[in-house]
1. Which of Gly67, Ile97, Leu52 sits closest to the plus end of the dipole of the chain, meaning its Cα is farthest towards the positive end, when Lys and Arg get +1 and Asp and Glu get -1 on the C-beta?
2. So how far apart, in nm, are the two label points at Leu85 and Tyr46 if each is 7 Å from Cα heading toward Cβ?
3. With everything on Cα atoms, drop me the angle between helix 77-101 and the longest principal axis of the chain, reported from 0 to 90° to the nearest 10.
4. Over the stretch 7-101, what relative contact order in percent results from Cα pairs under 8 Å that are six or more residues apart?
5. Indicate the gyration tensor shape class of the stretch 65-105 (rounded, prolate or oblate), computed on the Cα atoms with a ≥ b ≥ c the square roots of the eigenvalues: a/c under 1.5 is rounded; otherwise a/b larger than b/c is prolate and the rest oblate.
6. In the chain, if every C-alpha pair distance is counted and binned at 10 Å from zero, what percent goes to each bin?
7. Quick one: Cα centre-to-centre distance for the stretch 1-75 and the stretch 77-105, in angstrom?
8. About the Cα centre of the chain, how large is the charge dipole given +1 on each Lys and Arg Cβ and -1 on each Asp and Glu Cβ? Please answer in debye to the nearest 20.
Amino acid sequence: MVFNTGAALLDAIVLAVVSREREGTYGYKITQEVRQVIEVSESTLYPVLRRLQKDECLEVYDKECAGRNRRYYEVTERGRRQLSLYESEWRKYSAKIDSIFEGGY
């Protein structure tokens, strides 16, 4: 992708991906799903997950899987509100960009 992905957009994408799983999801799966939309490395994504956790948008818990603990991330109520705000702002922003591309203002 030729467009720069800012922190807010990356936060929004991560929250959207995690929110699709009712009981949360784990880091590797989040990385794979985010990569379907934008290019992002694990070294970029894990600080985003930590920041969202620190901001109380995500809760973290460990769950055993095949004899190992796997860290899961789940969206909090605060995270759902933040995601809703991101979605609203994205719709306004993308509508303005679409308008410019289509020759209107």
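Rule-based calculations on the coordinates, nothing more; no lab input. All of these numbers come straight from a predicted model, not from anything done at the bench. Positions of Cβ are generated from backbone atoms using ideal geometry, with glycine treated the same way; all protein chains shown enter the neighbour counts.
1. So the residue furthest toward the plus end is Gly67.
2. My value for the distance between the label points is 2.8 nm.
3. In the chain, helix 77-101 runs at an angle near 30 degrees to the longest axis.
4. Numbers: 90 pairs, mean separation 29.6, N = 95.
Worked out over the stretch 7-101, it gives 31 percent.
5. It is oblate, given that a/c is not under 1.5 and a/b is not larger than b/c.
6. The percentages, shortest bin first, are 14, 43, 28, 11, 3, 1.
7. Taking the Cα centre of the stretch 77-105 as reference, the centre of the stretch 1-75 is 21 Å away.
8. On the way: 17 positive and 17 negative charges, 30 e Å.
So the dipole magnitude of the chain works out to roughly 140 debye.
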